Ligand SMILES: *Cc1c(COP(=O)(O)O)cnc(C)c1O
């Protein structure tokens, strides 16, 4: 059964003209749940479904939770999503719309997560929002699709929260002998967990995370993302909340697609001319999408 879909790869004329090279967009915003998280959730949920599990539990009030809820519904298996009281109404609504049981527990994410973990049994599997090799495997198929369309990118731009996207894209690039190309890994100043770890030369946890890109607000990236960033040609980049927001607005005008600031961070590198490429370069931007955004939210 296919849960995630093969997404469009489009050459962006507006972004290419203003960047002076070829900009290609992998439109993960077109996934049924609005983000690439459906690739990772599908991979892990199908894996465990084939082993006969009876349900899933997630503690993500964001795109990961929505993707697990969707995958469970498609597989005919119940999903419980435990979220803290701070989770916005819109996110709760999207999770419930997928038919999942929504449990509101605790003031902060760690309390919700502890409760989610307490629901795990032999037959109920916990799905981590970003730290599991099966998740990365699912995400790596994005690169397979790009290569199968004849594009071998000279660079990739993507955003980093907990690091599953970086892990999965890195896996896909290495599989296709593209492990040497630069990967621009973008965070906001308030969610710079990868940047802080690279500066420290070891995995560190941020005392606090802040700002508009709540989807990127993991206080620590997974160890694999740190290892990938240390081993490969990964360039850590930071942008402001306003730059991310402005990129969302401009992208809406340029491509008629509404994306979260968590995705806008990647595009802001281009809109704000923070990097230069050779005119012949083909640059792949992962339009990771995001479901918890409304027109009102980016005004
Ligand atoms: C999860 C997510 C991210 C960050 O991905 P990580 O794998 O956590 O680094 C970025 N954008 C969107 C829309 C997401 O759903």
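The values are calculated or read from the model by the stated rules, or taken from the named source; none is laboratory data. It should be emphasised that the depicted structure is a prediction, and the values quoted were computed from it without experimental measurement. Neighbour counts run over all protein chains shown; Cβ positions are idealised from the backbone, glycine included.
So the values come out like this:
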read-out	value
Scan of the range 109-129 for residues that are within 23 Å of residue 52 (Cα to Cα) and under 19 Å from the mean Cα position of the chain (by Cα), ordered by number	126, 127, 128, 129
Residue count for the range 127-167, restricted to those that are in contact (Cβ under 8 Å) with a residue 12 or more places away in the chain, assigned to a helix (DSSP H, G or I) and more than 16 Å from the ligand (Cβ to nearest atom)	4
Residue match in the range 109-121 (condition: within 16 Å of the ligand (Cβ to nearest atom), modelled with pLDDT of 95 or more and part of a loop (DSSP other than H, G, I, E, B))	no
Tally of residues being within 12 Å of the chain's Cα centre (by Cα) and surrounded by fewer than 24 Cβ atoms within 10 Å (Cβ to Cβ) across the range 50-74	0
Test: residue in the range 124-135 that is over 28 Å from residue 84 (Cα atoms), crowded, with 21+ Cβ neighbours inside 10 Å, touching a helix residue (DSSP H, G or I) at 6+ places or on another chain (Cβ under 6 Å) and modelled with pLDDT of 95 or more	no
Subset tally (residues that are away from the ligand (no atom under 13 Å from the Cβ), in a strand (DSSP E or B) and under 15 Å from residue 227 (Cβ atoms)) for the range 168-202	0
First in the range 285-298 and within 19 Å of residue 151 (Cβ to Cβ), second anywhere and within 12 Å of the ligand (Cβ to nearest atom) and assigned to a loop (DSSP other than H, G, I, E, B), Cβ under 6 Å, 6 or more apart	288/36
Qualifying residue in the range 75-83 (condition: part of a helix (DSSP H, G or I) and over 20 Å from the mean Cα position of the chain (by Cα))	yes
Qualifying residue in the range 58-72 (condition: under 21 Å from residue 32 (Cβ atoms) and more than 16 Å from the ligand (Cβ to nearest atom))	yes
Failed item in (1) more than 21 Å from residue 45 (Cβ to Cβ); (2) in a loop (DSSP other than H, G, I, E, B); (3) away from the ligand (no atom under 15 Å from the Cβ), with residue 99 passing the rest	(1)
Residues located in the range 11-56, provided they are assigned to a strand (DSSP E or B) and out of contact with any helix residue (DSSP H, G or I) (no Cβ under 8 Å at 6 or more places or on another chain)	11, 27
Residue match in the range 160-171 (condition: at pLDDT 95 or above, surrounded by fewer than 24 Cβ atoms within 10 Å (Cβ to Cβ) and more than 12 Å from the chain's Cα centre (by Cα))	yes
